[in-house]
Amino acid sequence: RPAQFQLAAPLTVAFAPASPPRDLPGPLPFSETREQETRLNPLTSIVSRYEMLYRSTTAREEVALQAATPREADAALRLLQDAPLGALTVYVLPETSSLLPQGIDVYVGRHRSAVVRATPSLATLRARLQQVTRVMSFTAASVSAALSDRVPASQLGPDAGRHFKSSLGYEITFSLLNPDPKSHDVHWDIEDAIGRYVQPLLDKLSFMANFSVASQILYYAVLGVTPRFDKESSSFLLSAHSLPHVINPVEARLGSSAASLYPVLNFLLYVPERSHSPLYIQDKDGALVGTNAFHSPRWGGIMVYNVEGPAAPQASLPLRVDVDMVRVMEVFLAQLRLLFGISREVLPPEFLLESPGNEGLADWELDRLLWARTVENIATVSTTLTSLAQLLDKIGNIVIKDDVASEVYRAVEAVQSAMEELALGHLHSAFQASKEAVTSSERAFFDPSLLHLLYFPDDQKFAIYIPLFLPMAVPILLSLAKIVREARKRKKDPTKTD
């Protein structure tokens, strides 16, 4: 049956005085709907619908828009908004407004609002609003990346395979690798760094999934690839083609993730041994990577942290090294965003984008992630239940308990609810329903009462039961044969009666 994902997002356009275009179709306020369908494959399509309300700004909003800087205006407007997840508000300012810097026509804030410069016509404004929604809300590309299993590879962007699949939980491990503890006494304040830089991001994502964070220090753990010495720079180089071979030897020391229920994200800080210092990473073109780090899709990231230059003085060993956690966590946070699929569209030059700050994630970026994860959850439940139905059809004598059936019914109801809430633009309730559907479908699929029957084919049943029943069956069969013979004999030779 074709799957049509209907995604609706409420969009409010608030005009400041002297900013509405002259060709508005009527007096403010008025509404319009913009709809677009994207077909991913013959069985799946996405209908994007923006329900737009055009209105005038309120007196309090006008005061907020008179702030000295766009950031101050964004913070003041946030206090006036009660915008639900997935909703956007765009404030239109007169062309003469000094709030937006010269050459900037669109300012995207940290929350769920943007400020745009007025345009002479409604058609031009609509085009600008379309640019804003492409940046701040879901797009066909961001949703199709979530449905990568159903979409041809040619339609997917370069980031589609990088992020982890949607999960009910994630385990994040930060590891410090010190292969040369005799030379380097390395200290890192990882607990403070996690609390300051990572925890605010995880708190914001907390209703999306459960997170656990751990850290460890591994001594004598080497990369497993010998770097090449470069005479010109008197340094050692790791080329891009050798990076994939770095992970396997290191992973053997990290501790097994096989026992984990959830995907594990690994972040490694590697302090090169004295004999290979300084160590730099080269990209495919031979240029040095500025961050001296690289990430592996759906696995994690590694950063090389040099502590000694080419001509280090002969200081007493081991050298005490205090890691600059600000520099390290900037890299790891950027990698963490990539692994969660929090990527940004390429921005036109007239756009000004506010940094998300300590939280590491703007409100609208959270919404973009939730649109994609809701759709991905629905698709996952559909695949799980279809697989379960096909599996149970193959096992003729299986007994399905009532609690398994109720989990299946619950999953189907939750998926239907999630689809309905998506179509209504209720992102929060749609995502919660999709999470419940995933939980119920996995409980049904991995129910212990079904699991052991999957590995119990008919030939095993015969092998188990024949030794039990054959010894009893032999005398019973012989007795039956004797009874049949005697009955036949009586028919042939009936007894005489007086």
*Single residue of F267, F236 found to be in the same structural domain as I194 (by the TED database) and either touching a residue at least 60 places away in the same chain (Cβ under 8 Å) or open to solvent by 50 Å² or more (accessible area, probe 1.4 Å) (or both)*: F267
*Look through D192, D230 and report the one residue that is out of contact with any strand residue (DSSP E or B) (no Cβ under 9 Å at 6 or more places or on another chain) and charged (D, E, K, R).*
D192
*Can you tell me which residue within the range 315-333, out of those that are more than 17 Å from E191 (Cα to Cα) and without any contact (Cβ under 8 Å) to a residue 40 or more places away in the chain, is most open to solvent (accessible area, probe 1.4 Å)?*
S316
*D324 versus (1) under 25 Å from A141 (Cα atoms); (2) modelled with pLDDT of 85 or more; (3) among the charged types (D, E, K, R): which is the lone unmet condition?*
(1)
*When you look at R112, is it in the same structural domain as P20 (by the TED database), within 22 Å of P10 (Cβ to Cβ), of a type in the set (K, R) and within 29 Å of the chain's Cα centre (by Cα), yes or no?*
yes
_Would you confirm whether or not the range 92-115 contains a residue that is part of a strand (DSSP E or B), hydroxyl-bearing (S, T, Y), surrounded by 20 or more Cβ atoms within 10 Å (Cβ to Cβ) and out of contact with any helix residue (DSSP H, G or I) (no Cβ under 6 Å at 6 or more places or on another chain)?_
no
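Within the range 170-193, is there a residue that is closer than 20 Å to G300 by Cβ, without any contact (Cβ under 8 Å) to a residue 24 or more places away in the chain, in contact with a Ser or Thr (Cβ under 9 Å, 6 or more places away or on another chain) and among the β-branched types (V, I, T)?
Scanning the range 170-193 turns up no residue that is closer than 20 Å to G300 by Cβ, without any contact (Cβ under 8 Å) to a residue 24 or more places away in the chain, in contact with a Ser or Thr (Cβ under 9 Å, 6 or more places away or on another chain) and among the β-branched types (V, I, T).
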_What's the total number of residues in the range 70-84 that are without any contact (Cβ under 8 Å) to a residue 40 or more places away in the chain and out of contact with any strand residue (DSSP E or B) (no Cβ under 7 Å at 6 or more places or on another chain)?_
7
*asked:* Among the residues in the range 5-16, are any free of Cβ contacts under 8 Å to residues at least 60 places away in the same chain, touching a strand residue (DSSP E or B) at 6+ places or on another chain (Cβ under 6 Å) and farther than 20 Å from G86 by Cβ?
replied: no
*asked:* Whether any residue in the range 239-249 is assigned to a loop (DSSP other than H, G, I, E, B) and in contact with a helix residue (DSSP H, G or I) (Cβ under 7 Å, 6 or more places away or on another chain) is what I want to check.
replied: no
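Can you tell me how many residues within the range 369-395 are part of a helix (DSSP H, G or I) and open to solvent by 20 Å² or more (accessible area, probe 1.4 Å)? Even if it seems obvious, please write down each step before you answer.
To start, the set of residues in the range 369-395 that are part of a helix (DSSP H, G or I) comprises 369-394.
Now narrow it down to the ones that are open to solvent by 20 Å² or more (accessible area, probe 1.4 Å): 380, 382-387, 389-394.
Total satisfying the criteria: 13.
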*Does R327 fit the bill of being outside the structural domain of Q199 (by the TED database) and among the charged types (D, E, K, R)?*
no
_A67 - would you say it is surrounded by 18 or more Cβ atoms within 10 Å (Cβ to Cβ) and of a type in the set (A, V, I, L, M, F, W, C)?_
no
*Residue under evaluation V222, criteria (1) at pLDDT 85 or above; (2) surrounded by 14 or more Cβ atoms within 10 Å (Cβ to Cβ), criterion not met*: (1)
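Condition first: surrounded by 11 or more Cβ atoms within 10 Å (Cβ to Cβ) and either in a loop (DSSP other than H, G, I, E, B) or outside the structural domain of R134 (by the TED database) (or both). Now tell me which residues in the range 24-40 satisfy that.
L24, L28, P29
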*Residue match in the range 49-62 (condition: surrounded by fewer than 14 Cβ atoms within 10 Å (Cβ to Cβ), without any contact (Cβ under 8 Å) to a residue 12 or more places away in the chain, not in a strand (DSSP E or B) and not assigned by the TED database to the domain that holds A423)*: yes
*asked:* Quick check on the range 215-229: of everything there that is more than 17 Å from K182 (Cα to Cα) and of a type in the set (A, V, I, L, M), which residue is farthest from the chain's Cα centre (by Cα)?
replied: V225
*Return only the number of the condition from (1) charged (D, E, K, R); (2) in a loop (DSSP other than H, G, I, E, B); (3) in the same structural domain as K435 (by the TED database) that E308 does not satisfy.*
(3)
*If Y54 satisfies every condition in (1) more than 37 Å from the chain's Cα centre (by Cα); (2) modelled with pLDDT of 90 or more but one, which is the exception?*
(1)
*All positions within the range 252-262 that are surrounded by fewer than 18 Cβ atoms within 10 Å (Cβ to Cβ) and in contact (Cβ under 8 Å) with a residue 24 or more places away in the chain*: R253, G255, S257, S260, L261, Y262
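The values are calculated or read from the model by the stated rules, or taken from the named source; none is laboratory data. Bear in mind that the values here come from a model prediction, so they are computed numbers and not experimental data. A quick note on method: Cβ atoms are made from the backbone with ideal geometry, for glycine too, and the neighbour counts reach across all protein chains shown. When the accessible area is computed, the model is the full protein with side chains, heavy atoms only, and any ligands, DNA or RNA have been set aside. Shrake-Rupley method; radii C 1.70, N 1.55, O 1.52, S 1.80 Å.
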